[in-house]
Amino acid sequence: MTELRRIVRGYAFTIAGITIGVAGLVALGAMSERIVRFIEGGDRFVLGQISVAGRGMGMGTGFTAGGLLPAATIRKIAEVEGVAGVQSQVMLPLNPTTSQFMTLTQELVLGLDLSVPMPNRHYRELPVRAGRFLREGDRRVAVVGASFAASRGLGVGSRLTLEGAPYEVVGVLERMLTAPDRFVIVPIADAREQWVAKDRLLQTLLASGAAALTAADLNTGAAVGWRNGQDPDAVALRIREKVAGVNVQIPSELSRLLRSSTAFFSALFAGLGALALVIGGLSLANTMAAAVFERIRDFGVKRALGATDVHLGREVLGESLAVTLTGGLAGIALALLLGAVIDGWAARSSQQLFHFSPRLLAGALAFSVLLGVAAAAWATFRVVSLSPAEAIRRGA
Amino acid sequence: MLRAAGLVKSYRAPSGAAIRVLAGAELTVKEGEFVVVAGPSGSGKSTLLNVIGLLEDADSGETWYGDERVSALGRNGQSRARARYVGFVFQSFLLLPSLTALDNVLLAARYAGRRGPAARRRALALLEELGVADRKDHFPPQLSGGEQQRVAYCRAVLNDPPLLLADEPTGNLDDANGAVILEGLRRRARAGAAVVVVSHRPEAATGATAVYRLRDGVLEA
């Protein structure tokens, strides 16, 4: 312990340098992981179902943007060969203003037809952290995403007002680091009411009686599942072929679309991560090597007193391990602190910028320790190749 | 104890020209002898001491510690020979700033494989003998020059080396502190060590068994 204190005191500036380098590396890595998890989560979702919307433009948003998808069309979809189940959905922006245009994901209201099991193969049910998920027959209750709940301080039993109507929060989802984190999920009947309340055109249309619409026709889309052994793309193409007036998203196409639309962010953060790795790595290696070179005179003196390569190698290994571990852990702690502060601020607008996975933290620590030790070993090798007299002269 | 024969050492000047510092120097020092090497600055005294102390290699020539031709050893072999045979006292003390006075003294035991309570007891006794025991927990920058050299002297003699090499040991000291260090070295010689002191100060030669001058790279009596 005394030895560790001596090392920490003697290498205070080196440790500070490593701390800052590792903190930068971890913070950028956590931002990169966040975006990767978001994209992977979205990809997993769209590959788990066939998303269908009515042809045309409408109020719908999210994965099922398009026109109305009437009940009769949904019944036709269910009859297509290979289809295992169809769940009607209403997806609406919680706040339909342009101010949310630049957000990573909008806050959405998702209305689900609870008489049908969720057809998404990757999300048979959404993971609930507290309370329960919606049940058939529920009305005026909501299950909210983790970010949505955090931004508004909501928990099970909280009250929520949507389009002037009161809702009770019965469940909060686990943090999924993807779209549902910002969802409010309600029974489809409640979502339909909200849709009508939001959309003056729809109000006018319904009031005029010109269109033969019932509540069951007010769907922005449907999630379609496929039978075991069926190719989802083939089922999707079959729906497109057999059912008129629908926009069918081919799962693999949608996945490609999602990836290409987020490619910029992926590339940006991958680039930033790589840059952080290079800059942080160089800075760390340079700091560690410089710390050894600074002590060139000490090495000369130690050799004069009889230190062999093994003695010096062991000392440097022990010291560099202590220094890089201390600096690495402090850097991780600093990054976690910064992340917590920034995410605390971002949570007010339902955002989360960092994801500190155990894999990232362990990787950053291992990276800093291995690189630091390697740099120190290289510098030591250079120093011990000098004669003791030369080392003392150069360090004078 | 020490025998150096035909030591030749040259340095390369910035112009590329070779500067010959040692040109076949010969030196033999027996156990119990106190030998002083004098000469003006730049005459090569420190180079001689570095070569016979295995701190740098000669271009040619041999150095023997007892029956062992140590100049032929490899890097780590020479390190082990230094730990076993040699104690150094340098003009600029060369204490490690990150260690306390006591830890600096104990450093010599560490590399000689003599760590333990006995080494610690001896280090404390030496610091007491040199009058710096109360400074044992101080770091070098907290010590005066005289105190630092006393600590460095304790480090040099901790392992009771049979050969003591001192390079201008009083060069940075006042007369009183210089006298303490020189007397310590003479005492070691009386106790049986072979002591070589390089100095341009006349008082260093007091009590010397032999005084040499280094002139044109060769030692002259």
If residue B:112 satisfies every condition in (1) surrounded by fewer than 16 Cβ atoms within 10 Å (Cβ to Cβ); (2) among the small types (Gly, Ala, Ser); (3) modelled with pLDDT under 95 but one, which is the exception?
-> (1)
Sort out which residues of segment A:173-184 are surrounded by fewer than 23 Cβ atoms within 10 Å (Cβ to Cβ) and at pLDDT 90 or above, and write them in order of number.
-> A:174
In segment B:130-162, residue nearest to the chain's Cα centre (by Cα) [restricted to those that are part of a loop (DSSP other than H, G, I, E, B) and of a type in the set (Asp, Glu)] | B:160
Qualifying residue in segment A:364-381 (condition: assigned to a loop (DSSP other than H, G, I, E, B) and farther than 16 Å from residue A:24 by Cβ) = no
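Per-residue answers, yes or no, for (1) at pLDDT 95 or above; (2) in a strand (DSSP E or B); (3) farther than 17 Å from residue B:46 by Cα:
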site	(1), (2), (3)
B:122	yes, no, yes
B:127	yes, no, yes
B:164	yes, yes, no
B:176	no, no, yes
B:197	yes, yes, no
B:214	no, yes, no
Would you mind finding the one in A:272, A:321 that is more than 14 Å from chain B (Cβ to nearest Cβ), under 30 Å from residue B:113 (Cβ atoms) and either out of contact with any Asp or Glu (no Cβ under 8 Å at 6 or more places or on another chain) or without any contact (Cβ under 8 Å) to a residue 12 or more places away in the chain (or both)?
-> A:321
Could we say that residue B:92 is part of a loop (DSSP other than H, G, I, E, B), hydroxyl-bearing (Ser, Thr, Tyr) and facing another protein chain (nearest Cβ under 9 Å) here?
-> yes
Identify the single condition in (1) part of a helix (DSSP H, G or I); (2) modelled with pLDDT of 95 or more; (3) buried (at least 21 other Cβ atoms within 10 Å of the Cβ) that residue B:181 does not satisfy, given that it satisfies every other one.
-> (2)
Only one residue in A:348, A:297, A:359, A:314 is surrounded by 17 or more Cβ atoms within 10 Å (Cβ to Cβ), basic (Lys, Arg) and either out of contact with any Phe, Trp or Tyr (no Cβ under 9 Å at 6 or more places or on another chain) or over 30 Å from residue B:158 (Cα atoms) (or both). Which one?
-> A:297
Here, strands (runs of 3 or more DSSP E) confined to segment B:1-86 with at least 2 residues that are more than 15 Å from the chain's Cα centre (by Cα) and under 19 Å from residue B:167 (Cα atoms) are B:2-12, B:18-29
Residues satisfying the stated conditions in segment B:97-119, i.e. facing chain A (nearest Cβ under 10 Å), among the hydrophobic types (A, V, I, L, M, F, W, C) and over 25 Å from residue B:145 (Cα atoms) | B:112
Which listed residue, of B:51, B:36, is surrounded by 14 or more Cβ atoms within 10 Å (Cβ to Cβ), within 14 Å of chain A (Cβ to nearest Cβ) and modelled with pLDDT of 95 or more = B:51
Among the candidates A:196, A:186, A:169, A:156, residue that is in contact (Cβ under 8 Å) with a residue 60 or more places away in the chain, farther than 26 Å from residue A:34 by Cα and of a type in the set (A, V, I, L, M, F, W, C) | A:186
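The values are calculated or read from the model by the stated rules, or taken from the named source; none is laboratory data. Since the model is a prediction, treat every value here as computed from it, not as a measurement. With ideal geometry, Cβ positions are generated from the backbone for all residues, glycine too; neighbour counts draw on all protein chains shown.
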